[in-house]
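Data first, discussion second: the structure below is written as structure tokens.
What follows is calculated from the coordinates using simple rules that are stated; it is not laboratory data. If you're wondering where the values come from, they're calculated on a predicted model, not measured in any experiment. Cβ atoms come from the backbone with ideal geometry, glycine included; neighbour counts cover every protein chain shown.
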């Protein structure tokens, strides 16, 4: 029996941060694995110490490029809790709009990517095309395709005009038109079902034990969503469902994400239809002496949590726990007993904001053999 | 020699996903670099041009160097985003470097946070003008 | 923000009472001569429990057996603050910092 130790990382097109996955194999079956992070660790929490609150907001804007609304939205929520400030209704609605557009573009990307992982390149192209529609809307609203810097303390940066509203509705309609085709393909295609059904099953009991959140928990039957459990912004004034599936496999996670796109489109339409009149307040200087507060929002991947301590008007400690951190602990458990070919599918279905794959080094009988992703997949997957 | 259809690959040396996503959106139907013959390859061994994003931190320094050495000679490197050029907003963090050109030679710098795909296409064209048969080790 | 302080002696018993709630995260703050460890749980609303650990002996029991997701939080805090969690088997494998990290844990404030 050979015991291969493979540090895995085929160089992935969609890698946020890197993690090195070390896998021990018996033939083709995984017996043990460990995750090693650190390849994208910069020291953001330390960087935030000693900064003023507005400077902290600027840094927090740049933490993540794909869920770029989640972090500033959580930070602003926490600081406004410290100030005991309730923003005007128009500001709340505009923030909800930005959050939901961010959620749609993130889900479109990762669903397309999951299908790319099983070889369905055409669907990736369709999803990226639809994502471009949403990015055009976001660019018109905020001025940027990513790192929007839209959330400000007590306000938002730009207001939305009548033309922008009509443009958004037009683009949302184009995206919505495609969803039934995608659902039909996913439900009927035998290859998708064969590669994704019963792969990476997380039972409801495991999901509760490992404290999972987000679409992963919802695909295992736990109906948890911060937008309903602890409403913020304008979520208590819009009507939407918390999407739940029961199988807990990669297929269920994909279905949850696509159905959440439909719900988010519903929310965007309601927000634009009922947008309160008025002007957004101007950005004013902030004076906050001391405070310790926590806040959480529903990022596209789950619950995002910030704990901020202010001392002498500066940030003393900023604790940021992004949603992906939560499910890396179950990833290693999910791989036990699976075949090595399931690794990309499982990883993509977990939609991590921390995983990167590099080229593979196979250590066999003491001899090192460096393979590219293509060779690795050809030989082992 | 390579005048028209370079194959590109990219390496994320530790940034947020912003610049990486813009690289991937190059292959989306809206920008579609594949109509020029540019293929986005997952492995650097097959690539002529390496796009590097992210602020290089201590752990990814060695990997970046290895990936660079794996490429065939006559290769070009494009540094994308402010983090890859100079460390960007994370310059002063304890685990970040001040730019990838401390480690590998860079041919074109594309500023932005993140730069738009149009800027990336412009960078690819600039690099192609530079290929001209000159060998680079 | 509501924070309930629990003594180090009652820590384990309190954690066992909370089985069934979802562990959100564990945060660490350092103060002049002690560490504040905050355990955040979701039990129809966020409940936070604070434990103070003396600076001279930063050791506390791990809760990895009742909350498996605590493994990664405890490893992260160990990397950054050098607090020891007794019972966490992978504690000494560095998670975020490079393997050859030299120097004091990065998030400790300089004490002058």
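Placing a pseudo-label 7 Å from each Cα along the Cα-to-Cβ vector at residue B:34 and residue A:339 gives an inter-label distance of 2.6 nm.
Would you mind giving the mean number of other chain beta-carbons within 10 Å of the Cβ of each residue in C:20-29, as a whole number?
Details: counts 1, 2, 12, 4, 9, 11, 2, 8, 2, 6.
The mean count of partner-chain Cβ atoms within 10 Å per residue comes to 6.
Counting beta carbons within 10 Å around each of A:109, C:11 and listing the fewest first gives the order C:11, A:109. Under 17 Å from a label point set 7 Å out along the Cα-to-Cβ vector of residue A:81, the amide N atoms of region A:268-298 belong to A:290-298. If R0 is taken as 22 Å, the Cβ-Cβ distance between residue A:228 and residue C:3 corresponds to a FRET efficiency of 0.30.
Please work out whether the protein assembly as shown counts as rounded, prolate or oblate from its C-alpha gyration tensor, where a ≥ b ≥ c are the square roots of the eigenvalues and a/c under 1.5 means rounded, while otherwise a/b larger than b/c means prolate and anything else oblate? Since a/c stays below 1.5, the shape of the protein assembly as shown is classed as rounded.
Could you tell me which of rounded, prolate or oblate describes region B:81-130, using a ≥ b ≥ c as the square roots of the eigenvalues of the alpha-carbon gyration tensor, with rounded for a/c under 1.5 and, failing that, prolate when a/b is larger than b/c and oblate otherwise?
Details: a/c = 4.87, a/b = 1.67, b/c = 2.92.
Here region B:81-130 falls in the oblate category.
What FRET efficiency do you get for residue A:184 and residue A:246 if R0 is 22 Å and r is their Cβ-Cβ distance, rounded to the nearest 0.05?
E(calc), rounded to 0.05, equals 0.55.
Axis of helix B:117-131 versus longest Cα principal axis of chain B: the two differ by about 70°, to the nearest ten degrees.
Oblate is the label for region A:253-337, because the ratio a/c of its alpha-carbon gyration tensor axes (a ≥ b ≥ c) is 1.5 or higher and a/b is not greater than b/c. Among B:7, A:246, A:110, the ranking by other beta carbons within 10 Å of each residue's beta carbon, starting with the fewest, stands as A:246, B:7, A:110. Distance from the alpha carbon centroid of region B:54-87 to that of region A:201-270 works out to 38 angstrom.
Shielding value for B:51-61 is 5, the average number of Cβ atoms from other chains within 10 Å of each residue's Cβ. For the peptides B:34-42, C:22-30, A:46-54, the ranking by packing is C:22-30, A:46-54, B:34-42, with the highest mean count of neighbouring Cβ atoms within 10 Å listed first. As a proxy for reagent exposure, ranking C:92, A:133, A:107 by other Cβ atoms within 10 Å from fewest up yields C:92, A:133, A:107.
Averaged over peptide C:66-74, the number of partner chain Cβ atoms lying within 10 Å of each residue's Cβ comes to 5. Give the distance, in whole Å, between the Cα centre of region A:93-160 and the Cα centre of region C:5-80. About 36 Å separates the Cα centre of region A:93-160 from the one of region C:5-80. Contact order normalised by length for chain B, with contacts defined as Cα pairs under 8 Å and 6 or more residues apart; what percent is it? Over chain B, the number comes to 28 percent.
Length gained on full extension, residue C:31 to residue C:90: 18.6 nm, using 0.36 nm per residue less the C-alpha separation.
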